[in-house]
DNA sequence: CAGTGGTCTAGACCACACC
DNA sequence: GTGTGGTCTAGACCACTGA
């Protein structure tokens, strides 16, 4: 409910000027969500409405809300309103023996599907030429998918393969690896590189999130037993939906940390 | 240089109204940095100055710049000005056999040090009681460090241990594990859980970054050979400074992806 | 001191959602 | 339609940096 206004008035009264107003308002709303006074899906007062009630300008109210949108606490829909973000159960994914997207979702007990964003043969970028070890004049197959669980987009996968290994990208069914297996080209080993990035405008739109939300960017290079590179894949996972889990054992570095 | 203004004027002329003005300006500045026209450390025109020259309001110019600050492209210093962010060489860290912070930095060839943020005995939080498997009325040792390479803070580490394993946190030298080893309590196994998060105000301040910048949050639980939990550590790594690398081998999930 | 970024205001117009 | 968020403006004061 919108006792946000009353809460703010009370808080302002009890500590006069403890920092920027937009941060005070932000933490009041944030607290209300964490306490459960505002529940996922609940509507907040409109920006103009709240501004009037807490006696701040709309710009300041908006700034507090934008902060929370960026952190994934709230969602805003133009023409509709501002709502407490529905919270996703987090998905755990192992980093030692990688499990498939479909399996992860099965474990989570949710319907899962993919939407094709792109499928076709292209002239390779310099980066792809290097990563895939392509010969001169070779072409590259690109397949890009949006991974969706229920109604929620969870990840974007953009794979690049040598066209000699995947001459017809349209022929893939639901599983790239199953398709590669038919021609005996299923990878047996992969190197993954993870980093945290702020979502770009483009990826944010695909995932239905605000630009700037933290996400996990993963680059994977997969190899055949022969050592030949099969695929070079760049994926973006929602930061608020994924936990990646790794097990470490005693090793060199273990001693000094 | 500040041909940012001329560039903007030109671009506005060539494509009249291709989206929000602050995004147009943002991508112009972003491009200039990527092209190398603006180099790390270079000063940009002041917000008021640029606003006058591109004929936008200061608020709009500021919004473009703030976007880039959040993405780590620019840095702003109050009272001083706006600058292209110095770019860090990325550090690679393995997720299979974890290497120590000191070793990582040695490989990178940089001076490295730690600053203590906190060291002492406390009453455990409920979360710590569960994670460490503490008996009732037990106390907990907390040690928090800021990891710094050269002049750049790279990570925050906050460890919690049973006070029975670390009765005197002040006695730690530079290495927690070396200290634990003296009493035969060095861990032999650990589980790490990684996720991407936007930096909180507090952590952002410690790392000298803007709140909201993407970072990697890692929770590690370490075990003795006996299976007893030794430490529960929460770390925050700069997203723009770390790549985590994992090697995957054929396994169950491998088939379907 | 002058100049910078950080915050805040009041008001405006637009594109979109929902009725 | 009305109401929502999204963008933009002109102007103001503050806290800080640096000469």
So the label point sits 7 Å from Cα along the Cα-to-Cβ vector; using that for residue B:226, what distances do you get to the other copies, in nanometres, sorted shortest first?
5.4
Sorted on mean Cβ neighbours within 10 Å (highest first), peptides A:164-175, A:52-63 come out as A:52-63, A:164-175
Any chance you could tell me what percent of the C-alpha pair distances in the range A:26-100 go past 22 Å?
30
Using packing as a proxy for protection, rank B:207-216, B:151-160 so that the peptide with the highest average count of other Cβ atoms within 10 Å comes first.
B:207-216, B:151-160
At residue A:89, with labels set 7 Å past Cα in the Cβ direction, how many nm apart are the copies from this one, shortest first?
4.5
With just the Cα atoms defining each centre, how far is the range B:180-242 from the range B:47-82? Give it in Å.
34
For B:238-247, what's the mean count of beta carbons from other chains sitting within 10 Å of each residue's beta carbon?
6
Residue B:43 versus residue A:78, label points 7 Å from Cα toward the beta carbon: distance in nm?
3.8
Starting from the eigenvalues of the Cα gyration tensor, five times each then square-rooted, give me the equivalent ellipsoid semi-axes of the range B:91-245, largest first, whole Å.
25, 18, 15
Averaged over A:208-219, how many beta carbons belonging to a partner chain fall within 10 Å of each residue's beta carbon?
4
Highest first, please rank the peptides B:76-88, A:218-230, B:194-206 by the mean number of other Cβ atoms sitting within 10 Å of their residues.
B:194-206, A:218-230, B:76-88
Taking each label point as 7 Å beyond Cα in the direction of the beta carbon, state the distances from residue A:55 to the same residue in the other copies, shortest first, in nm.
4.1
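All of the numbers you see were taken from the coordinates with simple rules; none came from a lab. On a predicted model such as this, the values are computed, not experimentally measured, just so you know. Counting neighbours? That spans all protein chains shown, and the Cβs are built from the backbone with ideal geometry, glycine included.
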